[in-house]
Amino acid sequence: MALSSPHVVNLGCRLNLAEGETIRALLSGRDTVVVNSCAVTNEAVKQTRQAIRRARRERPGAELVVTGCAAQIDPASFAAMPEVDRVIGNAEKLRPEAWSAPEPVVVQDIMAVRDTAPHLAASFSTHARAFVEVQNGCDHRCTFCAIPFGRGNSRSVPAGAVVDRVAQLVDAGHAEVVLTGVDLTSYGPDLPGGPSLGQLVERVLRHVPRLKRLRLSSLDGIEVDDRLFALLTEEPRMMPHVHLSFQAGDDLVLKRMKRRHSRAQSVTLVERLKAARPEIAVGADLIAGFPTESDAMFANTLALIDDCDIVHAHIFPYSPRAGTPAERMPQVAPKLVKARAGRLREAAARRRTAWLHSLVGSSQQVLVERPGDRGHAGNFAEVRLASHPVGEIVSVNIKGVQDGKLIA
């Protein structure tokens, strides 16, 4: 890496990844390291601090800037780190003037932000797929979550701007685009006419016919309406893969989390998706050890992995986030939280392994990713294959499974 080139360390969600590419473009030619932080858990904040210290060791002479959700929520603590030169907030990090401002801390009240401009990279030079931010912020207040304090209230990018950006990315050579946001399924009510996420997807597919593959980031299952359901199950350019924000599989825990769905609604949604498109692969977020979680409550969440055929599981051990209602609830012992997270991961790994073996002998369409001998199928299974040009979509026959990956 040339010392004059900016380096962006993206932690956490795909939205950070999308925004990180824009930051990289804004800082072209500058000897700057940016740590684009995450605050979804205490562990994520810890990893942010570790990344800052590592970045300073590796680039001792570079300007080091911290941004992202952890920096937005607690800018003073990051500004106090000796390794850090500047702290820039989530609303400011995509604005060129913020990067030339003289102040060491440039962080505004995120709750005062009312719109989201399409500040998106023209291309993703290090990725075969491209990420397009279509929504930011969240109007819901789940009792465990601090992210609204890092991202602000929900706001959407106008559909025309999204279509234009997707078209630019396709022109730049990207065969797959991922639409992403903090609360993606809340897209649209703040825009004229109140379009839905399904309407946005329809518009992208209609106006960018050269786009070969479209994927969505995490969805709130309770907001998957008939239009979006039909697209997920009937549109061939929509990838057969959904990631659902379940969080738990017990109704009382879900109520205490202030989630808006029940266990039965999660199971029914997956059953409907599978009936309409059997090859669809389900991912989900699950939290282990939420406050008040009993053995029986945990068992319901554990069983959800099989009941919903979850093959792409993201398991989070609960950690109390300062200022959230769940922090004040009776806590589960940390040792038990860790043990339950381990059991969830083991169950998820078994389910995933069985699913991968069921794909042996099948033919898969794989988007080739760097360095050219790997990629992901439409169902988001990782595939190892013979070397191909990066960015191509190739049809391969699956011969086996090794180390959690399909072998072509």
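Which of the residues that make up segment 313-327 are over 26 Å from Gln364 (Cβ atoms) and open to solvent by 20 Å² or more (accessible area, probe 1.4 Å)?
Within segment 313-327, Phe316, Pro317, Tyr318, Ser319, Pro320, Arg321, Ala322, Gly323, Pro325, Glu327 qualify.
Would you say Ala377 is among the small types (Gly, Ala, Ser) and within 22 Å of Pro291 (Cβ to Cβ)?
Spelling it out, it is not the case that Ala377 is among the small types (Gly, Ala, Ser) and within 22 Å of Pro291 (Cβ to Cβ).
Let's see how each residue does on (1) farther than 20 Å from Glu19 by Cα; (2) modelled with pLDDT under 95; (3) of a type outside the set (A, V, I, L, M, F, W, C):
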| position | (1), (2), (3) |
| --- | --- |
| Ser125 | no, yes, yes |
| Pro148 | no, yes, yes |
| Ala172 | no, yes, no |
| Val182 | no, yes, no |
| Gly193 | yes, no, yes |
| Asp220 | yes, no, yes |
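What residue, of Ala71, Ala80, is touching a residue at least 24 places away in the same chain (Cβ under 8 Å) and either of a type in the set (A, V, I, L, M) or under 22 Å from Glu103 (Cβ atoms) (or both)?
Answer to the selection: Ala71.
Inspect all residues belonging to segment 289-304 and state whether any of them is touching a residue at least 60 places away in the same chain (Cβ under 8 Å) and not small (Gly, Ala, Ser).
yes
Could you figure out which of (1) of a type outside the set (Asp, Glu); (2) at pLDDT 95 or above; (3) at positive phi isn't true of Cys308?
Of the numbered conditions (1) of a type outside the set (Asp, Glu); (2) at pLDDT 95 or above; (3) at positive phi, the odd one out for Cys308 is (3).
With the checklist (1) within 14 Å of Val157 (Cβ to Cβ); (2) open to solvent by less than 40 Å² (accessible area, probe 1.4 Å); (3) touching an Asp or Glu at 6+ places or on another chain (Cβ under 9 Å) in hand, flag the one item Asp190 doesn't pass.
Condition not satisfied by Asp190: (2).
Take Arg321 and tell me if it is modelled with pLDDT under 95, charged (D, E, K, R) and either in a helix (DSSP H, G or I) or over 30 Å from Leu385 (Cβ atoms) (or both). Talk me through it step by step, then tell me what you get.
Working: modelled with pLDDT under 95: yes; charged (D, E, K, R): yes; either in a helix (DSSP H, G or I) or over 30 Å from Leu385 (Cβ atoms) (or both): yes.
When the stated conditions are applied, Arg321 passes them.
For segment 144-174, enumerate the residues that are open to solvent by 10 Å² or more (accessible area, probe 1.4 Å) and either touching a Phe, Trp or Tyr at 6+ places or on another chain (Cβ under 8 Å) or in contact (Cβ under 8 Å) with a residue 60 or more places away in the chain (or both).
Those that are open to solvent by 10 Å² or more (accessible area, probe 1.4 Å) and either touching a Phe, Trp or Tyr at 6+ places or on another chain (Cβ under 8 Å) or in contact (Cβ under 8 Å) with a residue 60 or more places away in the chain (or both): Phe144, Cys145, Ile147, Phe149, Gly173, His174.
Would you check if Gly361 is at pLDDT 95 or above, part of a loop (DSSP other than H, G, I, E, B) and closer than 20 Å to Ile280 by Cβ?
yes
For Gly173, only one of the following conditions fails: (1) in a loop (DSSP other than H, G, I, E, B); (2) in contact with a Pro (Cβ under 9 Å, 6 or more places away or on another chain). What is its number?
With (1) in a loop (DSSP other than H, G, I, E, B); (2) in contact with a Pro (Cβ under 9 Å, 6 or more places away or on another chain) applied to Gly173, the lone miss is (2).
So which residues in segment 386-408 are of a type in the set (Gly, Ala, Ser), assigned to a loop (DSSP other than H, G, I, E, B) and open to solvent by less than 50 Å² (accessible area, probe 1.4 Å)?
Gly391, Gly404, Ala408
Taking the criterion of being more than 19 Å from Cys142 (Cα to Cα) and among the β-branched types (Val, Ile, Thr), would at least one residue in segment 207-218 satisfy it?
yes
Residues that are of a type in the set (Val, Ile, Thr) and surrounded by fewer than 17 Cβ atoms within 10 Å (Cβ to Cβ): which helices (runs of 4 or more DSSP H) entirely in segment 201-297 hold 1 or more of them?
263-276
For segment 369-385, give me each residue that is farther than 17 Å from Val178 by Cα and part of a loop (DSSP other than H, G, I, E, B).
Result: Arg370, Pro371, Gly372, Asp373, Leu385.
Taking the condition of being assigned to a strand (DSSP E or B) and crowded, with 22+ Cβ neighbours inside 10 Å, how many residues in segment 298-312 meet it?
Final tally of qualifying residues: 2.
Taking segment 342-362 on its own, how many of its residues are open to solvent by 70 Å² or more (accessible area, probe 1.4 Å) and touching a Ser or Thr at 6+ places or on another chain (Cβ under 8 Å)?
Residues that pass the stated criteria total 0.
Can you say whether Arg277 is more than 22 Å from Glu43 (Cα to Cα) and touching a Gly at 6+ places or on another chain (Cβ under 9 Å), as far as the supplied structure shows?
Answer is no for this residue.
Out of Leu254, Leu269, report the one residue that is free of Cβ contacts under 8 Å to residues at least 12 places away in the same chain, among the hydrophobic types (A, V, I, L, M, F, W, C) and out of contact with any Lys or Arg (no Cβ under 6 Å at 6 or more places or on another chain).
Within the list Leu254, Leu269, the selection yields Leu254.
The values are calculated or read from the model by the stated rules, or taken from the named source; none is laboratory data. Just so you know, these numbers come straight off a predicted model, no measurement behind them. When we count neighbours, we look across all protein chains shown, and the Cβ atoms used for this are built from the backbone with ideal geometry, even at glycine. Protein only, heavy atoms only, side chains kept; ligands, DNA and RNA dropped before computing areas. Shrake-Rupley method; radii C 1.70, N 1.55, O 1.52, S 1.80 Å.
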